[in-house]
1. Between a residue in segment 343-369 that is closer than 24 Å to residue 230 by Cβ and any residue that is away from ligand 2 (no atom under 13 Å from the Cβ) and among the small types (Gly, Ala, Ser), which pairs come within a Cβ distance under 6 Å, given they are 6 or more apart or on different chains?
2. Need pairs with beta-carbon distance below 8 Å; first residue surrounded by fewer than 12 Cβ atoms within 10 Å (Cβ to Cβ) and within segment 246-271, second part of a helix (DSSP H, G or I); sequence gap 6+ or separate chains.
3. Does segment 94-103 contain any residue that is among the β-branched types (Val, Ile, Thr), modelled with pLDDT of 85 or more and crowded, with 20+ Cβ neighbours inside 10 Å?
4. Going by what's in this entry, would residue 101 be described as at positive phi and assigned by TED's automatic domain parsing to the domain that holds residue 65?
5. Is it fair to say residue 353 is over 17 Å from the mean Cα position of the chain (by Cα) and surrounded by 13 or more Cβ atoms within 10 Å (Cβ to Cβ)?
6. If I go through segment 148-161 residue by residue, how many of them are under 25 Å from residue 223 (Cα atoms) and either among the hydrophobic types (A, V, I, L, M, F, W, C) or without any contact (Cβ under 8 Å) to a residue 12 or more places away in the chain (or both)?
7. Considering 77, 111, which residue is at pLDDT below 85 and either in contact with a helix residue (DSSP H, G or I) (Cβ under 8 Å, 6 or more places away or on another chain) or of a type in the set (S, T, N, Q) (or both)?
8. Which one of these does residue 384 not meet: (1) at positive phi; (2) within 14 Å of ligand 2 (Cβ to nearest atom)?
Amino acid sequence: MLPIGRNDLANTMTRSLRVLYLEHNESDRELVRMALDDKEMAFEFVYATSGAEFAAALDRERFDFFLSEYTRPGDDSVSALALARKKCPDVPYLFVSGTIGEERAVECLKSGAADFVLKERLERLLPAVRHALREAGERARSCVVEETRRRQLEAQLLQAQKMEAIGQLAGGVAHDFNNVLTVVIGYARLLLDRGTLPPDAVELLTQIFTAGTRAANLTRQLLVFSRKQTVNRRVIDLNQVAGEISGMLLRLIGEPIKLELALSPAPCLVDADGGMMEQVLMNLAVNARDAMPRGGVLAIATERITISDAATRRHPGARTGEFACLSMRDTGCGIPPENLERIFEPFFTTKEAGHGTGLGLATVFGIVQQHQGWIELESELGAGTCFRILLPAAPAAAMVPARHPARTVTASGGSETLLVVEDEPAVREFAVAVLRSHGYRVLQAGSGVDALDVWKWHGSRIAVLVTDLVMPDGLGGVELAARLRKEKPALKVVLTSGYESGAIGEAFRPPAGTHFIQKPYRPQVLAQAVRDALDDNYDR
Ligand SMILES: Nc1ncnc2c1ncn2[C@@H]1O[C@H](COP(=O)(O)OP(=O)(O)OP(=O)(O)O)[C@@H](O)[C@H]1O
Ligand SMILES: [Mg+2]
């Protein structure tokens, strides 16, 4: 039985309140009973004349509050209070006494009594009882709220752990796949580029190339979900990203859906990968389109907001501070509550076979996590859905002018000597083959440590180091490049990676003066990166 509170007091006529009253004097009992005669509340008394009787009644029944006489220090009432506090800590205990002195009263309150009322002032008893019951009810209610909140946090933690485990698994598989696909797609491209094959062979090769590219796209999404995709960060304005991509979104969502843009008047700056931000917008927009087959409104908004301490309780990932908020609201079918927990899992889809892989939101989730942000979601069946993406805001001073738009890739070769370092033999051979076909002299090594060996003998003629970021013997690409550049500051560096290993979730920033390409890469992209490095061309 929970103690009653403010709203319950009005309903107590339907149930009388049970009181255990320790008092040996019958006339005092009668006075107290009269003092508690009330139109709104009914009381049912159980009397005890000694500490032993009080203890027995406590074992037998449940009570809404306790009353007790107080005669002298150390009498039964003091031990009864201790017992009641121990067994029913939430049930209020009030003293009714003719003799209690101020000092004793304070002591009793300190030991957990809710109040004391002098027998000469029994008109205070009813209000004191009401007050004590109300306070106990409120305490109980806040305990329930705390408990519910604790359960929610536990469930959210479990969900986060599940996502992490799926991410680890998916990321591991995707990483190996990425290497395999680099080889498949790469060789197919090399053969196609020869231009000397018979048409039927070109057709078959094109099929291999196309299927490989599709597989690479899926793999890439899995890598993003598991936060193993390398992030190319710089300070960008979300308003600019949204503005630039809105034309494409418009074509994507089609006629019957109205696109509304409400961008913040001031730039909405974040330190982020622009390509990934575009992908977030695209994935959310495609989902919104699918949720509105008969048309509707897709509203995209940006704003800069300050998250306060209280607001962080709304979401487990939330933190205080300055954030950029990108929201996308649709007036579509909404998401059933039972699906809400699962929609960010990879391969969770409610679409018919062939219409969705269930990777769209997993990708969004991975990207947002990798940018130290979180997603808030509201959805109502039949009314629509709103995704709010919160990312740490970047200070305006950090903005750098936009780079030139990507140039079309026109790889040209050269005759310089290059060192290719890559632990995956098939990928290494492929890279070597590509670069040799462009005229370069190519040395190779299977690890960072092997590369140091090659460097010892040939360092003086190596113009470009092409190295994988993550290698097994502990010497990664960035450190290798730094070491070699100490000896030869003019050395050009091209870093490659299919994913970000090690500290999951931390963004990788290519060190200044290095070029970076993402696996799986196409032959021209590799050749162009090497040429750009040689020509000190950092525009791409
Ligand atoms: N805006 C939305 N309105 C209603 N349901 C949505 C919305 N966004 C996502 N969902 C639900 O979440 C599921 C998962 O979305 P997700 O983008 O991950 O995969 P998908 O769209 O099914 O497939 P994919 O994006 O890989 O083509 C969807 O199948 C759909 O049921
Ligand atoms: Mg989708």
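The values are calculated or read from the model by the stated rules, or taken from the named source; none is laboratory data. The structure displayed is predicted, hence computed values, not measured ones. As a convention, Cβ positions derive from the backbone with ideal geometry for all residues, glycine included, and neighbour counts pool all protein chains shown.
1. The qualifying pairs are 346/170.
2. Listed by first residue and then by second, the contacts come to 254/289.
3. Restricting attention to segment 94-103, the residues satisfying the condition of being among the β-branched types (Val, Ile, Thr) are 96, 99-100.
After this cut, where a residue has to be modelled with pLDDT of 85 or more as well, the list is 96.
Imposing the further condition that a residue be crowded, with 20+ Cβ neighbours inside 10 Å reduces the set to 96.
So far as segment 94-103 goes, yes, one or more of its residues are among the β-branched types (Val, Ile, Thr), modelled with pLDDT of 85 or more and crowded, with 20+ Cβ neighbours inside 10 Å.
4. It is false that residue 101 is at positive phi and assigned by TED's automatic domain parsing to the domain that holds residue 65.
5. Numbers: over 17 Å from the mean Cα position of the chain (by Cα): yes; surrounded by 13 or more Cβ atoms within 10 Å (Cβ to Cβ): no.
So residue 353 fails the test.
6. Filtering segment 148-161 for residues under 25 Å from residue 223 (Cα atoms) gives 156-161.
Now narrow it down to the ones that are either among the hydrophobic types (A, V, I, L, M, F, W, C) or without any contact (Cβ under 8 Å) to a residue 12 or more places away in the chain (or both): 157-158, 160-161.
The total comes to 4.
7. Values: 77 fails: at pLDDT below 85.
That would be 111, the only listed residue that is at pLDDT below 85 and either in contact with a helix residue (DSSP H, G or I) (Cβ under 8 Å, 6 or more places away or on another chain) or of a type in the set (S, T, N, Q) (or both).
8. Going through the list (1) at positive phi; (2) within 14 Å of ligand 2 (Cβ to nearest atom), residue 384 breaks only (2).
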